[in-house]
Structures are given as structure tokens and as C-alpha cells.
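Have a look at the structure below before the remarks.
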Amino acid sequence: MPIINHVLTEAEFRASPFYDERPIERDIRLVVIHCISLPEGQYGTSYIDDLFMGCVDCDVHPSFESLKGVKVSAHVVIDRQGKIKQYVPFHKRAWHAGVSNYQGESRCNDFSIGIELEGTDRDTYTEQQYEALNSLLDQLFAEYDSLTAERVVGHSHIAPGRKTDPGVGFDWSRIKAESPL
Ligand SMILES: [Zn+2]
């Protein structure tokens, strides 16, 4: 899955409005793994796409009340079938990490790539998701020199006490990265 102009050539690209410039465009040195499902625990809906495209209908489900006015994105989403969609080019800053700290540095969005797995922080992940994620990591490591197997973390690692994703069901030994635990 080659990357050209910071976009995966073999994945669908959807241009999220929720991104801006990185302070340093070339400063890409962390991968943050997340999970999301909308409504939580329901898979295969269009609502993650709607959320990242800025058009989620907040009246569809009671839990969506909290999504009103929320502007978030990730660079990539991997659904339960292992299908990859990209929403923000990698050299731009996606809005996924929030208040965060990695080895003493805050604002991890500035220098990270955010990957959302369709899932919950209690569920396990599918074979296809691990395969897609490993393929994606290979491409990212090849494209960005500062990204290495040691620089892959979960959202919970950079926002402890606030975030729990990707959760206990994510098997770090299954991916081509050092376990940050
Ligand atoms: Zn997260």
C-alpha cells in the first residue's frame, strides 16, 4: 500500500474538514492507536464516517447528544473487515489525541498519526484488523524515518486516567510494534 503525497494509494480517501497544519510538517514520529464505534459497540454503521466528515446527525441515537459540535478526526479508520479509509493526509494534523503527553511532550496531535480501529475498549479486534494495521504500519515505517516500532502507543498511554482505548482486548503482541505497556 504505497503512500504518495502523504495519502495511501490503495485506500479510500475521504477529506475530513477537521485538520490543520502541524507546527512542523515533517515532524511525524508517533503512531497513536484508538478505537471507536457509533453507537458504542455497534459495528458497520456509517456514523464514524459521518462524525469525521462533520455531518453526523446527533438526533439518531441518545448517546449522540454528546457529539454535538464535536470536531474530531483521525488519519485512518480500520473497520471490522479490515477496510482502511483515510480522512487526513499524514503531513497534516488530525484531531484525535486531545490533552495528551508522550515522554514529557504534550499536544501529541502535533507529531503523531492517529489510527482508529472500529471497536470498543472492552472488545477484541478482528484478524482482518490486525492484518490491515500491520500492513499500514509497514507502509508508515517505510515512508517516515522517525516512525519506528518503539513509537506506537495506545491513546490510553498518552492520556492515562482520561482515555482507555484501544483497551484490554487489543493484543499488542499481534502488531509489528514494541508493546508500550
Ligand atoms: Zn482515542
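The values are calculated or read from the model by the stated rules, or taken from the named source; none is laboratory data. Not measured: the values here are computed from a predicted model. Here the Cβ is made from the backbone with ideal geometry for all residues, glycine too, and neighbour counts use every protein chain on show. Side chains are part of the model used for accessible areas, which takes the heavy atoms of the whole protein and leaves out ligands, DNA and RNA. Shrake-Rupley method; radii C 1.70, N 1.55, O 1.52, S 1.80 Å.
Selection of segment 136-181 for residues being within 16 Å of the ligand (Cβ to nearest atom), free of Cβ contacts under 8 Å to residues at least 24 places away in the same chain and over 16 Å from the mean Cα position of the chain (by Cα) yields 160, 161.
Which residues, taken from segment 140-176, are of a type outside the set (A, V, I, L, M, F, W, C), assigned to a helix (DSSP H, G or I), surrounded by 13 or more Cβ atoms within 10 Å (Cβ to Cβ) and out of contact with any Ser or Thr (no Cβ under 6 Å at 6 or more places or on another chain)? Scanning segment 140-176 gives 143, 155, 157, 174. One residue stands out among those in segment 1-46 that are within 16 Å of the ligand (Cβ to nearest atom) and farther than 23 Å from residue 137 by Cβ: the one that is most open to solvent (accessible area, probe 1.4 Å), which is 40.
Based on this model, can you work out whether residue 50 counts as out of contact with any helix residue (DSSP H, G or I) (no Cβ under 8 Å at 6 or more places or on another chain), at pLDDT 95 or above and either away from the ligand (no atom under 13 Å from the Cβ) or more than 17 Å from residue 114 (Cα to Cα) (or both)? Before the answer, list the steps.
On the way: out of contact with any helix residue (DSSP H, G or I) (no Cβ under 8 Å at 6 or more places or on another chain): yes; at pLDDT 95 or above: yes; either away from the ligand (no atom under 13 Å from the Cβ) or more than 17 Å from residue 114 (Cα to Cα) (or both): yes.
Against the criterion (out of contact with any helix residue (DSSP H, G or I) (no Cβ under 8 Å at 6 or more places or on another chain), at pLDDT 95 or above and either away from the ligand (no atom under 13 Å from the Cβ) or more than 17 Å from residue 114 (Cα to Cα) (or both)), residue 50 qualifies.
Does residue 56 satisfy being farther than 20 Å from residue 133 by Cβ and either open to solvent by less than 50 Å² (accessible area, probe 1.4 Å) or touching a Leu at 6+ places or on another chain (Cβ under 7 Å) (or both)? When the stated conditions are applied, residue 56 passes them.
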